[in-house]
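Q: Let me begin by handing over the structure; questions about it come next.
Since every read-out is calculated from the coordinates, none of them should be taken as a lab result. Fair warning: this is a prediction, and the values are worked out from it, not measured in the lab. Every residue, glycine as well, gets a Cβ built from its backbone with ideal geometry; the counts of neighbours run over all protein chains shown.
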Amino acid sequence: MRKSFIIALAVAAMVPATAGAQSRPQPKLPDYQFTTVKEIPVTSIKDQHRSGTCWCFSAMSFLESEVIKSQNIKDTLQYPDLSEMFVVNRSYHDRAIKYVRLNGSMGFSAGSGFGDALEVIREYGIVPQSVYSGMNYGYDLPVQGELDAVLKGYVDAVVKNPNRTLTPVWPKGFDGILSAYLGEIPETFTENGKTYTPESYRDALGINPDDYVNISSYTHHPFYSQFAVEVQDNWRGSTAYNLPLDEFMAVIDNAIENGYTVLWGGDVSEAGFTRDGLALLLDTSAKETSGSDQEHWVGKNDDAEGGKAEVPAEVDVTPELRQLYFDNKQTTDDHGMHLYGTAKDQFGNKYYLIKNSWGVTGKYDGTWYMSEAFVKGKTINYVVNRKAIPAEIKKKLGIK
């Protein structure tokens with residue numbers, strides 16, 4: 001995504017970037033008590049740490065849940081753990097090629113979209129985390145500021161083209177930097193006593209990128225058509241199907257009801273997106289800051305000043321308001337996360353369970369409770385299995 005995630009078109013995290021960075025006191029809120037309504041199995045919470053790779057962490061989590069469902073895995077010890085940095089490595093490679101071809105006239109950063117993750121897996125396959133951690137440069141968690149700067153400097157030097165004709169080896173030099181920081185991409189590896197290539201491992205897991213559909217909802221494109229979501233990190237031009245808002249929400253609910261999770265991308269720069277694990281669409285404004293990816297989006301852990309906590313009113317989201325948010329940059333491409341269930345608070349309000357990639361943090365140990373209003377208003381796009389889409393909506397979209 002742009003500022004840090006997304007999309008697919010998405011959406012997706014992210015490297016701190018432009019408008020939307022937050023430094024605000026957290027709002028005074030009630031002591032929410034949540035009851036889970038439906039929860040679909042997910043793998044353990046991961047930590048993207050100081051990297052702009054939420055789009056990949058969320059996509060791998062989503063695909064892990066897809067494998068769990070398709071293979072009916074009951075034992076959590078047998079859950080898959082896919083390598084985020086394998087995808088990041090190959091994404092950077094493909095992006096560098098395009099960046100040079102376009103003479104640098106596109107964004108070049110760690111941020112990307114869901115469509116990118118799926119295309120990498122389609123082209124290159126996937127490997128387990130145990131085979132390729134990407135931690136080849138002295139850290140236990142991603143710390144990619146230096147890597148991002150070195151890669152950007154390299155491709156900018158190639159674009160300047162001091163030889164007037166590019167050499168055929170510059171991509172090898174670029175991959176050499178990736179290998180130094182992230183490690184060599186394995187051609188073959190052994191997992192559970194079997195030898196795989198990245199492509200054969202993808203196929204053994206049953207991951208088919210064609211099974212997944214990217215969905216958005218905006219009025220500046222015709223409904224039931226496809227369009228490339230206009231966010232900077234959608235550098236591949238991945239397209240999303242455009243649905244009316246009620247059907248946009250119906251697909252999410254149908255997916256959860258039928259045991260499918262949702263790969264979510266959108267805006268987290270709202271004051272109601274708190275570091276304690278809540279996402280509420282409040283009528284408040286935010287101010288700018290910097291820091292870790294988590295601090296960048298939700299601010300420092302300062303106590304709200306004074307006042308008694310009350311149940312806050314949320315915005316009544318309409319299609320027109322969604323469009324306004326997007327057009328005037330109130331909704332920005334901030335972050336990618338994994339939606340895996342539903343819950344209700346003690347007041348009867350509906351929420352979605354969201355798995356984040358900021359480590360085991362916050363009141364709910366890495367899970368966020370996102371209100372229905374927040375999902376309606378601040379989702380840019382999401383990805384679901386085509387089987388999760390109601391038959392009547394698939395027919396309107398021409399999806400089999």
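Q: State the extension gain, in nm to one decimal, for the chain segment bounded by SER44 and TYR137, taking 0.36 nm per residue of separation less the distance between their alpha-carbons.
A: Fully extending the segment from SER44 to TYR137 adds 31.1 nm.
Q: Separate question: Scan around GLY366 for amide H atoms under 5 Å from its own, H built in the peptide plane at 1.01 Å from N, and keep only partners 5 or more places away or cross-chain.
A: Residues meeting the amide H criterion: THR361.
Q: Put +1 on the Cβ of each Lys and Arg and -1 on the Cβ of each Asp and Glu in segment 34-397; which of PRO186, SER65, TRP264 then has its Cα farthest toward the positive end of the dipole?
A: PRO186
Q: Another question, if that's okay. Could you pull out the GluC sites (Glu not before Pro) across segment 195-270 that fall in loop regions by DSSP (anything but H, G, I, E, B) with no more than 16 other Cβ atoms inside 10 Å?
A: Those that pass, being in a loop and sparsely packed, are GLU230.
Q: In Å, the Kirkwood hydrodynamic radius of segment 34-397 over pairs of distinct alpha carbons?
A: After inverting the pairwise mean of 1/r, the radius is 21.4 Å.
Q: Here's something else I'd like to know. Can you grab the distance from the C-alpha centre of segment 33-49 to the C-alpha centre of segment 128-181, Å, no decimals?
A: So the separation of the two Cα centres works out to 33 Å.
Q: What do you get for trypsin sites (Lys or Arg not before Pro) in segment 145-181 restricted to DSSP loop and a cutoff of at most 15 other Cβ within 10 Å of the site's Cβ?
A: Of the trypsin sites (Lys or Arg not before Pro), the ones in loops of segment 145-181 whose Cβ has at most 15 other Cβ atoms within 10 Å are ARG164.
Q: Skipping prolines and chain starts, which residues have an amide H placed within reach, meaning under 5 Å, of the one on ALA228, given they are 5 or more residues away or on another chain?
A: ALA240
Q: Now, a different point. Just from its helices, what would the mean residue ellipticity at 222 nm be for the chain, if runs of 4 or more DSSP H residues each count -39500 (n - 2.57) and the sum is divided by every residue, rounded to the nearest 500 deg cm²/dmol?
A: Numbers: 11 runs with 125 residues, N = 400.
Taken over the chain, the calculation gives -9500 deg cm²/dmol.
Q: Next up: What does the charge count near LEU245 come to, summing +1 for each Lys or Arg and -1 for each Asp or Glu among other residues with Cβ under 14 Å from its Cβ?
A: -3
Q: Using the Cα centre as the reference, give the magnitude of the dipole from point charges on the C-beta atoms of the chain (Lys, Arg: +1; Asp, Glu: -1; all else neutral), rounded to the nearest 20 debye.
A: 800
Q: Right, next: I need ARG101, ARG386 ordered by Cβ neighbour count within 10 Å, fewest first.
A: Ranked by crowding around the Cβ, least crowded first: ARG101, ARG386.
Q: Turning to a different aspect of this structure: What is the mean projected area of the alpha carbon convex hull for segment 145-288, to one decimal in square nanometres?
A: 15.2
Q: Starting from the Cα-Cα distance between LEU102 and GLU146, subtract it from 0.36 nm times their residue separation and give me the gain in nm to one decimal.
A: Gain on stretching LEU102 to GLU146: 13.4 nm.
Q: What does the charge dipole of segment 316-400 about its Cα centre add up to, to the nearest 20 debye, if the Cβ of each Lys and Arg holds +1 and the Cβ of each Asp and Glu holds -1?
A: Computed charge dipole of segment 316-400: roughly 520 debye.
Q: Sequence neighbours fewer than 8 away in the same chain don't count; with that in mind, list the lysines whose C-alpha is under 16 Å from LYS98.
A: Once the sequence-local lysines are set aside, what remains near LYS98 is LYS152, LYS160, LYS172.
Q: Which of the lysines could be linked to LYS46 by a straight reach, that is with a Cα gap under 18 Å, when you skip same-chain ones fewer than 8 residues away?
A: LYS355, LYS363
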